[in-house]
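Reviewing the structure listed below.
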Amino acid sequence: MAAALILDVLKNLTLTFATLFPIINPLGVSPIFLDLTRAYPDAIRRLLARKIALYGFLLLGGSLAIGSAVLAFFGISLPIVQIAGGLILANAGWKMLNQESGQSSDGPATGSLESALRHAFYPLTLPLTVGPGCISVTVAFGAHIRQQSTEAHIDYIPAFLGALAGMALVSIALLLCYRHAARVAGFLGPSGTNIVVRLSAFLLLAMGVQIIWNGFSSSLTPLLNHAGAA
């Protein structure tokens, strides 16, 4: 019995980590994080890395535990969350693509601690780090765990704990990548960093458009199927 529970925890840990890590992509987003926090000294940037990792874990854990219930309470569907979040993500990518080199697109005007804390959750955690794609996947994953546990008449707590452990590992990877973003930028040099930031900004824009498209497709497909059947 204990072996089965441990296996269930490890299975959900591996599945959650393997699913969320490429979506969040800490290595790819870290140059954008560095670009948006250039006004801050290294000590504040390290604090921001810890805050973002913590906020990201809490946001993912909350989406896993109560995300579907919250959306149902407010009458919001997942496609609408995808469309709204995709618009924010695409807007951030567009601004970064059109900024002048060496300037920060949505960065704060000053490098104070108060300004850093004000920007830690939005936009640095949501939607830059944990975007609508992560939230929608996590909400769906939480609903799947509960449904699977109900159908199999088993306790969902081991699966839930395994998923949380996987999210914790992703958050640790995120912390390490953001914490050492300046070191990576120093290795790349100014030109290399600018190239990576521009490419990452384009990918951010493309991801936003893709998420918007997914939301529209999920909303329109049932309507089109209903119209075809009629």
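The table below lists the values:
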{"quantity": "Filter result (farther than 13 Å from residue 33 by Cα and touching a residue at least 12 places away in the same chain (Cβ under 8 Å)) within segment 162-187", "calculated": "162, 163, 164, 165, 166, 167, 168, 169, 170, 171, 172, 173"}
{"quantity": "Checking residue 112 against (1) surrounded by fewer than 17 Cβ atoms within 10 Å (Cβ to Cβ); (2) under 19 Å from the mean Cα position of the chain (by Cα), the condition it does not meet", "calculated": "(2)"}
{"quantity": "Residue selected from segment 69-90 under the condition surrounded by fewer than 17 Cβ atoms within 10 Å (Cβ to Cβ) and not hydrophobic (A, V, I, L, M, F, W, C), by the criterion nearest to the chain's Cα centre (by Cα)", "calculated": "77"}
{"quantity": "Hits in segment 91-131 (condition: closer than 14 Å to residue 35 by Cα, hydroxyl-bearing (Ser, Thr, Tyr) and at pLDDT 85 or above)", "calculated": "129"}
{"quantity": "Members of segment 57-76 that are closer than 20 Å to residue 145 by Cβ and of a type in the set (Gly, Ala, Ser)", "calculated": "61, 62, 63, 65, 67, 68, 69, 72"}
{"quantity": "Elements of type helices (runs of 4 or more DSSP H) in segment 1-74, at least 2 residues being within 19 Å of residue 119 (Cα to Cα)", "calculated": "26-36, 42-74"}
{"quantity": "Selection within segment 21-54 - modelled with pLDDT under 90 and aliphatic (A, V, I, L, M)", "calculated": "23, 24, 27, 29, 32, 34, 36, 39"}
{"quantity": "Selected residue (criterion: farthest from the chain's Cα centre (by Cα)) from residues of segment 159-212 that are small (Gly, Ala, Ser), at pLDDT 80 or above and crowded, with 19+ Cβ neighbours inside 10 Å", "calculated": "159"}
{"quantity": "Subset of segment 143-163 (residues that are in a helix (DSSP H, G or I) and more than 17 Å from residue 14 (Cβ to Cβ))", "calculated": "143, 146, 147, 149, 150, 151, 152, 157"}
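The values are calculated or read from the model by the stated rules, or taken from the named source; none is laboratory data. Since the structure is predicted, the reported quantities are computational estimates derived from the model, not experimental observations. Please note: Cβ atoms are built from the backbone with ideal geometry, for glycine as well, and neighbour counts cover all protein chains shown.
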